[in-house]
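Worksheet: one structure, shown below.
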Amino acid sequence: MRHNIIQPTAVAAVVLTAALLVLPAPPASAAVQGVSVTTGAVALTAKADYVTSADGGSILLWGLTNGSGRAQYPAPTLILDQGDTITVTLTNQLAVATSLVFPGHDVTLCTGAAGVLTCEAGPSDGIATYTFTAEQPGTYLYHSGTNAALQVEMGLLGAIVVRPYGFDANNPTAYGHPDSAYDREYLFLLSEMDPIIHQMVEYGDSFSGTDVLGDYFSTYWFINGRTGPDTMFGSGVSYLPTQPYGSLALMMPGEKVLMRVVSAGRDLHPFHHHGNHARIIARNGRMQSSGPGTGADLSYEVFTVQAVPGETYDGIFTWTGEKLGWDIYGHARGRHAGPHLR
């Protein structure tokens, strides 16, 4: 029974915790990190590498990179502008065919080998292209469309952020409506891994004729490709070369923080944030609205985002510290300067 095998675990704390830091005010308008696609084209390469876990584990990765660098987990976040037509070119350096699908976007043209869901890039330098228009603003997932049960598990997944028409970085909104206004935004891509599957792939198991879901058991959980406490480190640290995205969120009291939550794996992720409720203003790239121009009138408050696999959530979190009985704004000498979310 494989589940009797003792495996090291490293659980990422899937929470946002309101706490106080002795820090100067963080820079304004913190934005999601990723690849800003301004030319209408982006090139991604699928290749193998390794991710590390905070307990010292090393796990085989099938990831994507933009350019000639190492594969990364998750894949590069693609930041698009509403209305732009984008062509994604996928070059495959893996030993198996792979592809990409873009839920929430209508791929109008693709090239490559015919696959079950979409055009595929064959093994060893095969190429496929995908063209779609970013018609709606919001937060989206993209991932492998070939043998997804295995390839998403191996790491072929990422997020897409579409900025609304007329986006103003000094007065940002997620959906072009005042109900989606924010001061800072953070992406939280939630995923998990079963290390035994990765070991089997590394040892040459092709899983032909095998149901990898039937005996699946995740023991690592990630926020932006990192397990805790690596989730607390900054973005782009040298000792996590294939896991570039941090997830430590900073704010000042009273600011509005846009939480872009992407449930990219197969587990349910109860994404809990302490300190206050968050208001879910959009799901799956669509504002919680009863009709055009009504804003997020169908939004709702949660104290835990019930992140369903394959779905995305945009929530507005704010925290003032009202009636706590101490000087959270740092007016008194020696007091803390402001809270953070982590």
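The values are calculated or read from the model by the stated rules, or taken from the named source; none is laboratory data. Here the structure is a predicted model, which is why all the values come from computation and not from measurement. Positions of Cβ are backbone-derived with ideal geometry, glycine not excepted, and every protein chain shown enters the neighbour counts. Ligands, DNA and RNA are excluded from the accessible area calculation, which covers all protein heavy atoms including side chains. Shrake-Rupley method; radii C 1.70, N 1.55, O 1.52, S 1.80 Å.
Heavy atoms of the protein chains alone define the surface here; on that basis segment 212-282 has 35 Å² accessible area per residue at 1.4 Å probe size.
A simple packing score, the average count of other Cβ atoms within 10 Å per residue, orders the peptides 87-96, 256-265 as 256-265, 87-96, with the highest score first. Note on segment 215-294: with charges restricted to the Cβ of Lys and Arg (+1) and Asp and Glu (-1), its dipole about the Cα centre is near 340 debye. Rolling a 1.4 Å probe over the heavy atoms of the protein chains gives segment 63-161 an accessible area of 34 Å² per residue. The local environment of Glu135, defined by Cβ-Cβ distances under 14 Å, has a net charge of -1 under the rule Lys, Arg +1 and Asp, Glu -1. Near Ser53, within a Cβ-to-Cβ distance under 12 Å, what is the net charge of the other residues, with Lys and Arg +1 and Asp and Glu -1? My count for the surroundings of Ser53 gives -2.
For segment 259-319, applying the loop criterion from DSSP together with a ceiling of 16 other beta carbons within 10 Å to the chymotrypsin sites (Phe, Trp or Tyr not before Pro) yields Phe303. Among the chymotrypsin sites (Phe, Trp or Tyr not before Pro) in segment 148-253, those placed in a DSSP loop whose Cβ has at most 16 other Cβ atoms within 10 Å are Tyr165, Phe167, Tyr203, Phe207, Tyr216, Phe217, Phe233, Tyr239. Apolar share of the accessible surface for segment 110-242: 54 percent from carbon plus sulfur atoms, 1.4 Å probe. If you take all other residues with their beta carbon under 11 Å from the beta carbon of His198, and give Lys and Arg +1 and Asp and Glu -1, the sum is -4. Taking the dipole about the Cα centre of segment 87-211, with the C-beta of Lys and Arg at +1 and of Asp and Glu at -1, give me whichever of Val107, Met154, His143 is farthest to the positive side. Of the listed residues, the answer is Val107.
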